[in-house]
Amino acid sequence: MASKTATQNGIAQHSANYGSIVTHHPKKQKTHSRPHTGAEAHYDTTIPKPVRKYLGTYGLFPPEPDTYEVQKKRCLAQLRSKQTNIGKFIYLSQLRHANVHLFYRILTDHFTEITPLVYTPVVGEACQRWSEIYMLPEGMYLSYLDKGNIANVLKNWHQEHVEITVVTDGSRILGLGDLGVNGMGIPIGKLALYTGCAGIRPEGTLPLTIDLGTSNKAFREDPLYLGSRRDKVTPEEEKEFLDELMEALKERWPDIVIQFEDWKNPFPSLQRYRNDYAMFNDDIQGTGAVIMGGIIGAVQQSDVAAKDHRAVFLGAGSAGVGVAQQIVDYFVHEGMSEDDAKRKFWLVDSKGLVTLDRGDKLADHKVYFARDDNEGQQYKSLEEVVDHVKPTIIMGLSTIGGAFTPEILQKMGKMNDRPIIFPLSNPVSKSECTFEEAIVNTDGRALFASGSPFYPYEYKGKTYHPGQGNNMYVFPGIGLGTILCKAIKVTSNMIYASGEALPTMITEEEKDLALLYPQITRIRDVSARVALYVIRAAQKDNVDRLHHLRDMSDEDLEEWIVEKMYDPHKAVESIEDELESLAKDLAHTRSLQGEKSML
Ligand SMILES: O=C([O-])CC(=O)C(=O)O
Ligand SMILES: [Mg+2]
């Protein structure tokens, strides 16, 4: 039988697990006669009466214990009664704070309803209005003023075992521009999906926003803005700050995986840190891999051999170039030379087709794909480029909503049996076309994937289903695989493998519906498969540290991955069981000691 102390410690530990991020600083925690339990554990309405009595919360909230089903019904009714998406976003943030397991239970059970509210597209609006809606930190904010002292500031984070962080400076939030510290919604949203999709324990996640100033003048003048009023630091200052941050993160959490997200110029940090840290850039690499995965499926369904495809990209920023590079890798895997593969791409930016002789100085990352076969001719608009190239694929990474006009879509439909149309900009307002426009203007023949979610669309009596080529299909699995095999870095092969895993999860039924991605409702299985591929690639590259995984069969390893994943339903059940038996033990001890039992 457990002694009183052991019992209390047990309850303390389990109750802490029960709740969301524990809000007490360990150093400042006082010794109470009762163990510290998160407020969430105290007030969860499913806690049975004997446990409430033991915790000292009996009588402090409505008396009859709920079931999860009832709790969920109440939450969904409250959520659905909110009139606006932002109201729903705020409600869900509060729910996550109040009862973290309940939040993740509902997220995983109602994935298609909840994800767009905590992630793209609604998180975009939340970031734009962060200063207005802010209530809880939900992560760490570091400032340029912390330079020289970052390691000390990181000590203030209360969670001992952080496994993954998503870090932004807010300088390019989705397609919405520089939102400064208002960008915090993105790390929070991405990490919610890490937990929901890939089963990273909530307390193993750290949303991190760095205030390096902002070029957003309206925000700097807004009295409610929560960041500094200074202009953006210089690239050199940013580099020095990041050098210190990376080192400090690794010092406090030696196995931490670091995901860079929504940086205006993401290439320098990726180049600088990719060999020394377990880090990756989601916008270049995650987006690249997920689109490559979709393209593998689309090329197969188009019945046109990989070598005969021609891709026009609207948008030659980091995401555009990242995606093109990843598809080059795929074409090379299909037997093309790198030079032939790269000639399959025509990139278009705000000045027109990217060519070597255009007369302006091209940014470094554009030079690789710049055309030299335009015979002196410059093509200024997307439509001109489409006429010139006669593409089989058009991709949008431009953040220009509606840039794929009906005329362009109709041309794609005339030139191809199965035109591949990927408007990838986020959120929905920035999407280059809608699903409906793609279907109507190609008479239902488009092979379609977008960055933001669209609803299925009925056309001429048939229901068409859009693909969502969002990096949410891969980043959770990349992080999970990297954490589980304790990889010392995230190699290009691991990123490639994450995209390659996706088509292996598409069922025959999904193929019949021309889906390019597995249904999002199976995202936890998809993330486990992605993690399996990522771990295998890490092993091949010899960057894994958990070598016994090498000896497992694929089936066993995938099963092992699933077992390791946090499952909010199981977490609650096991904590409840444990709490109940601990409370019973204590009642028994008290009665043996002749105390009047409260239970
Ligand atoms: O967050 C998303 O939905 C996808 C993404 O990384 C971006 O658009 O920057
Ligand atoms: Mg992003």
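The values are calculated or read from the model by the stated rules, or taken from the named source; none is laboratory data. These figures come from a predicted structure and were not determined experimentally. Reconstructed Cβ throughout: ideal geometry from the backbone, glycine too, with neighbour counts over all protein chains shown. Please note that ligands, DNA and RNA were not included when accessible areas were found on the heavy atoms of the full protein model with its side chains. Shrake-Rupley method; radii C 1.70, N 1.55, O 1.52, S 1.80 Å.
Overview of values
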item	result
At most 14 other Cβ within 10 Å, DSSP loop - trypsin sites (Lys or Arg not before Pro), the range 419-499	Lys460
The range 375-448-the range 170-204 distance, computed between alpha-carbon centres (Å)	29
Nonlocal amide H pairs with Val490, under 5 Å, H built at 1.01 Å	Met279
For the range 76-91 and the range 272-344, distance of Cα centres in Å	38
Integer Hz, Karplus 6.51/-1.76/1.60 couplings in order for the range 199-204, x for Gly and Pro	x, 7, 4, x, 6, x
Surface share of carbon and sulfur [accessible, 1.4 angstrom probe, percent] for the range 486-525	48
The range 540-599: GluC sites (Glu not before Pro) in DSSP coil with no more than 13 other Cβ atoms inside 10 Å	Glu595
Between the range 547-599 and the range 109-155, the alpha-carbon center distance in angstrom	31
Theoretical FRET efficiency, 1/(1+(r/R0)^6), r = Cβ-Cβ of Leu60 and Thr463, R0 56 Å, to 0.05	0.65
Computed [θ] at 222 nm, helices only, for the chain once each DSSP H run of length n ≥ 4 contributes -39500 (n - 2.57)	-13500 deg cm²/dmol
Over the range 168-220 - Rg/Rh using Cα atoms and the Kirkwood inverse-distance radius	1.07
Efficiency of FRET between Arg522 and Trp560 - r from beta-carbon atoms, R0 22 angstrom, step 0.05	0.70
Debye-sum result for the range 347-444 in log10 I(q)/I(0), which assumes one identical scatterer on each alpha carbon, at q = 0.11, 0.13, 0.17, 0.20 Å⁻¹	-0.34, -0.47, -0.77, -1.00
Dimensions in Å of the chain - Rg and Dmax from alpha carbons	25.6, 97
Filtered GluC sites (Glu not before Pro), the range 184-271: DSSP coil and at most 12 other beta carbons within 10 Å	Glu221
Two-decimal ratio, the range 389-489, of alpha-carbon radius of gyration to 2.2 N^0.38 Å	1.25
Solvent-free Debye scattering, log10 I(q)/I(0), computed from the Cα coordinates of the range 447-599 at q = 0.16, 0.17 Å⁻¹	-0.90, -0.97
